[in-house]
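Where a number appears in this text, it was derived from the coordinates with a stated rule and is not lab data. Source: prediction; values computed, not measured. Heads up, the Cβs are rebuilt from the backbone with ideal geometry, glycines too, and the neighbour counts pull from every protein chain shown.
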Amino acid sequence: MDRKALLFFIIVILILGSMIMISAQAAVYLRQGGDPSVAIVKILVKLILGVILFLIFSTFKYTVHKDLVWHYYIVSLVLLIGVFLLSKGVHRWLILGPFSLQPSEFSKIVVILLIAKYIEENQGRMSTFRYGILKPFLLILPIIFLIFAEPDLSTSLLITTLAILMIYTAGARLLYILSMIGAGAAGIYLLYLSGFIHSYQIERLKAFLSRQMQSQVLLSLSAAKSGGILGKGIGLGNLKVLVPVSESDFIISIIGEEMGILGIIAVVAAYLGLVWSMIKLAEKVVEDEFAKFFVYGYAYLIALHVMVNFGVSTGVLPVTGITLPFISRGGSSYLSFMIGLGIVVNIIYGKREEEES
């Protein structure tokens, strides 16, 4: 696996994502009775801003982020606390004039940076309970707790899973990890008994456990199947307007309806290729432990998002708010993934420049 393969999969994902995002945003405006052409402007602004952030973070040496990781951590906590002070009801977004920011999305990248730096500083001790389990989770617990309290159970669980994958790759013992998962499950049950888990979250879980597919899942599957093998064409889907949040949670409905089964296969293949090429290149060319584990963590983050989003869309998992990277609507999610991608590109291609010099 070489760098050209990584570049190829990046280009494919970004092109597919841009086309689907425009169509998905148009579906939102049609559902709301607005002008779909406005969608193009909004998506273009997001894409341009994403490219700018990608170029900035791919230009700066990745070691800059290692030196600034504690500053990122503090900023992340301040922003997460800020949503409780500056918003009402569900505390997930900071409203900045005409724009909104979801700090939890950027916290995912911060957690990857934080765990990668921790692993580098504790090589050889990750097999112990204290250094392999206790300390890294105490480190990220404030972020997980604040996101859980927004409330955003799915994102807090995703970040926890991401951290588990990273420390397991670094040498943490499986027995310790399983014991921590058991303790976490017991903690969630106690929170449920105490009333800290919201009723709608419980209803979603009950519906999933009863194997009764929710209406939006059925609508999503119907729309996806209607595209047949080749789909109706980008922007030509009509059932997507009927699917709630088809632009994010159920983006598969748009991909299937407009690009068909082959389109879904192409998107999945592009994600698999992207994740696999990042992991193999990290193993092959990256010697710096911090850099290597950042690439691992970012690859795991993409894989988790894809698995959860497709799992929700097909009824395999309970309904959550996890986006499909580079494709689903959601400016904060897109921008955070572009930032992470920029760091990965700097690590992988910066190493090539060192080898050639």
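In a fully extended conformation the segment linking LEU193 and ILE234 would gain 10.1 nm over its present Cα-Cα distance, using 0.36 nm per residue. Based on the Cβ-Cβ distance from PHE60 to THR314, what FRET efficiency comes out when R0 is 30 Å, to the nearest 0.05? That pair, PHE60 with THR314, gives E of 0.15. Which label marks the calculated value of volume of the Cα convex hull per residue in Å³, given the options (1) 127; (2) 143; (3) 135? Of the labelled values, this structure produces (2). Contour minus end-to-end for GLU283 and LYS225, with contour as 0.36 nm per residue of separation and end-to-end as the Cα-Cα distance? Taking 0.36 nm per residue and subtracting the Cα distance, the gain is 17.0 nm. For the chain, the residue among PRO318, LEU281, HIS71 whose Cα projects farthest onto the positive side of the dipole built from Cβ charges is PRO318. Treating r as the C-beta distance of ALA183 and SER37 and R0 as 51 Å, the FRET efficiency rounds to 0.45. Remark: spin-label model distance PHE145-ILE52 equals 3.7 nm, labels positioned 7 Å along the Cα→Cβ axis.
Long-range amide H contacts for GLY231: which residues qualify at under 5 Å (H placed 1.01 Å from N, peptide plane, sequence gap of 5 or more or a different chain)? Placed amide hydrogens put GLY260, ILE261 under 5 Å from GLY231. Residue by residue, what Karplus-based ³J(HN,Hα) values in Hz, rounded to whole numbers, does region 41-51 have, using 6.51, -1.76 and 1.60 with θ = phi - 60° and x for Gly and Pro? Values per residue, Gly and Pro as x: 4, 4, 5, 4, 4, 5, 5, 5, 4, x, 5 Hz. Normalising the Debye intensity of region 65-197 to I(0), with uniform scatterers on Cα atoms only, and taking log10 at q = 0.21 Å⁻¹ returns -1.25.
Could you work out the relative contact order of the chain? I mean the mean sequence separation of Cα pairs under 8 Å and 6+ apart, divided by the number of residues, in percent.
Relative contact order of the chain: 28 percent.
The string of couplings for region 269-285 from the Karplus curve (6.51, -1.76, 1.60, θ = phi - 60°) is 4, 5, 5, 4, x, 5, 5, 5, 5, 5, 5, 5, 5, 4, 5, 7, 10 Hz, one whole number per residue in order, with x for Gly and Pro. Candidates GLN214, ALA270, MET126 compared by Cα position along the dipole of the chain: farthest toward the positive end lies GLN214, with charges placed on Cβ. State to the nearest 20 debye the size of the charge dipole of the chain about its Cα centre, where the only charges are +1 on K and R beta carbons and -1 on D and E beta carbons. Taking the Cα centre of the chain as origin, the dipole is about 520 debye. Sequentially through region 153-167, phi angles give Karplus couplings (6.51, -1.76, 1.60; θ = phi - 60°) of 5, 5, 5, 5, 5, 5, 5, 4, 5, 4, 5, 4, 4, 5, 6 Hz, Gly and Pro residues having no value and appearing as x.
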